[in-house]
1. First compute the accessible area of the chain with a 1.4 Å probe, then give the percent of it belonging to carbon and sulfur atoms.
2. For region 251-336, rounded, prolate or oblate, judged on the Cα gyration tensor with a ≥ b ≥ c (square roots of eigenvalues), a/c < 1.5 rounded, else prolate if a/b > b/c?
3. Using a probe radius of 1.4 Å on heavy atoms only, what accessible surface per residue do you get for the chain? Whole Å² is fine.
4. Quickly rank 244-257, 309-322, 63-76 as a protection proxy: mean count of other C-beta atoms within 10 Å, highest first.
5. Considering the convex hull of the alpha carbon atoms of region 18-98, report its projected area averaged over all viewing directions, in nm², one decimal.
6. Would you calculate a helix-derived [θ] at 222 nm for the chain, using -39,500 (n - 2.57) for each DSSP H run of n ≥ 4 and dividing by the full residue count, to the nearest 500?
7. With a/c under 1.5 counting as rounded, go ahead and sort region 145-185 into rounded, prolate or oblate using the C-alpha gyration tensor (a ≥ b ≥ c being the square roots of the eigenvalues; past the cut-off, prolate if a/b is larger than b/c, else oblate).
8. Beta carbons within 10 angstrom, averaged per residue: use that to sort the peptides 194-203, 53-62, 282-291, highest first.
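The values are calculated or read from the model by the stated rules, or taken from the named source; none is laboratory data. Just so we're clear, the structure is a prediction, and the values are computed from it rather than from any experiment. Here the Cβ positions follow ideal geometry from the backbone for every residue, glycine too, while neighbour counts run over all protein chains shown. Side chains included, ligands, DNA and RNA excluded: accessible areas come from the protein's heavy atoms. Shrake-Rupley method; radii C 1.70, N 1.55, O 1.52, S 1.80 Å.
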Amino acid sequence: MQETKKKIKQLLGELDGLLVAHFYQKDDIVEIADITGDSLELAKRASESKKKLIIFCGVGFMGQSVKILAPQKDVIMPKIACCSMARMISSEYYDKSIELFEDYGIKKETLLPITYINSNAEVKAKVGKMDGLVCTSSNAKKIFDFARNKGKKIFFLPDKCLGENLAKVNDLNSAILGQDSREKVLNADVVCYNGFCSVHQLFTPSDVDFFREKYPDILIVVHPECRPDVVEKADFVGSTSQIIAYVNSLPLDQKVAVGTEFNLVNRLRSPIDGKQNTFVLSSTIPECPTMNETTLKDIVDVLQAYKNQSAYNEISIDDEISKFAKKALDKMLELS
Ligand code: 13P
Ligand code: SF4
């Protein structure tokens with residue numbers, strides 16, 4: 001493994017590339033990455049970097065975001081792995097949702113679409129065309145503060161859990177399109193698309209109860225993609241970076257149970273004197289399978305191919321799609 005890491009460093013040096021990794025990547029990848037972060041940090045830092053070549057270890061929408069924000073860069077993904085939530089909505093399903101609003105008597109012009117960054121470029125472009133914007137788990141509160149003053153009904157996609165959680169903290173009514181009644185959709189301030197993260201769905205209120213009963217002083221920390229009935233019971237809710245910062249701010253003997261992907265949780269804190277103080281908030285392994293597909297060998301292979309001028313897995317986005325997706329992303333960056 002050391003040899004493979006050395007080879008990656010050597011190729012990155014020769015090609016002047018930047019290795020970027022999301023926190024859910026495997027440990028050996030996070031260890032050698034030049035940049036790690038949550039979705040917002042990675043999109044910003046990779047697109048603003050001086051390097052022309054970006055090797056992005058994460059899921060498809062993350063590499064796409066960098067390419068949209070910095071089209072002059074070569075963005076390559078060792079594995080084009082897809083976020084299962086992002087796959088729950090396509091541009092066709094976006095159009096069908098707008099048709100359903102219109103069938104309910106809600107005019108397109110009265111909607112403000114907000115897409116979670118976990119969506120593909122085509123969906124972001126649809127949102128940009130309707131003067132909507134993107135949000136991530138770390139800036140969602142700010143984006144909602146902006147959106148609620150626009151006097152429009154918010155169409156939040158694709159994550160119903162994040163949408164409902166945000167509506168709740170902002171004292172807004174929410175409904176789920178295609179699941180709740182027309183009446184409820186008509187009365188809602190925030191209407192959520194019916195998507196979700198298959199990993200964060202694994203955390204349940206009984207998991208929280210189990211840990212609280214076992215360790216009465218434990219703190220429960222979760223990602224906002226968790227179900228609302230889990231978020232409601234938590235002591236802290238935040239993006240992956242915010243979770244890391246929060247846990248690092250606690251005394252080492254403070255017990256915490258964390259509801260997010262297990263690679264991140266397992267790296268948080270080592271046991272002290274053999275005593276474990278950090279727990280995964282689930283009895284099932286919360287693994288994001290597609291995030292875990294990328295290996296060190298994939299990184300070497302993709303760098304070697306780029307060096308031999310036979311690059312593959314290079315992100316490319318149609319100009320028209322990119323233009324409108326950028327509009328939605330830029331609006332978010334202005335506000336964050
Ligand atoms: P963050 O933006 O918090 O890193 O979240 C990305 C993600 O996909 C969480 O499941
Ligand atoms: Fe997508 Fe969930 Fe994996 Fe995050 S954890 S990348 S939302 S499938």
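1. Working: 7090 of 14680 Å².
Of all accessible area on the chain, carbon and sulfur atoms account for 48 percent.
2. Numbers: a/c = 3.06, a/b = 1.62, b/c = 1.89.
Verdict is oblate for region 251-336.
3. Values: 14680 Å² over 336 residues.
Per-residue accessible area for the chain comes out at 44 Å².
4. On the way: 244-257: 15.3, 309-322: 13.8, 63-76: 22.2.
My ranking of the peptides, most packed first, is 63-76, 244-257, 309-322.
5. Details: hull surface 23.0 nm².
Computed as one quarter of the Cα hull surface, the answer is 5.8 nm².
6. Values: 15 runs with 146 residues, N = 336.
Taken over the chain, the calculation gives -12500 deg cm²/dmol.
7. Values: a/c = 1.77, a/b = 1.39, b/c = 1.27.
Since a/c reaches 1.5 and a/b is larger than b/c, the shape of region 145-185 is classed as prolate.
8. Details: 194-203: 21.7, 53-62: 25.7, 282-291: 17.0.
Taking the mean over residues of other Cβ atoms within 10 Å, the ranking is 53-62, 194-203, 282-291.
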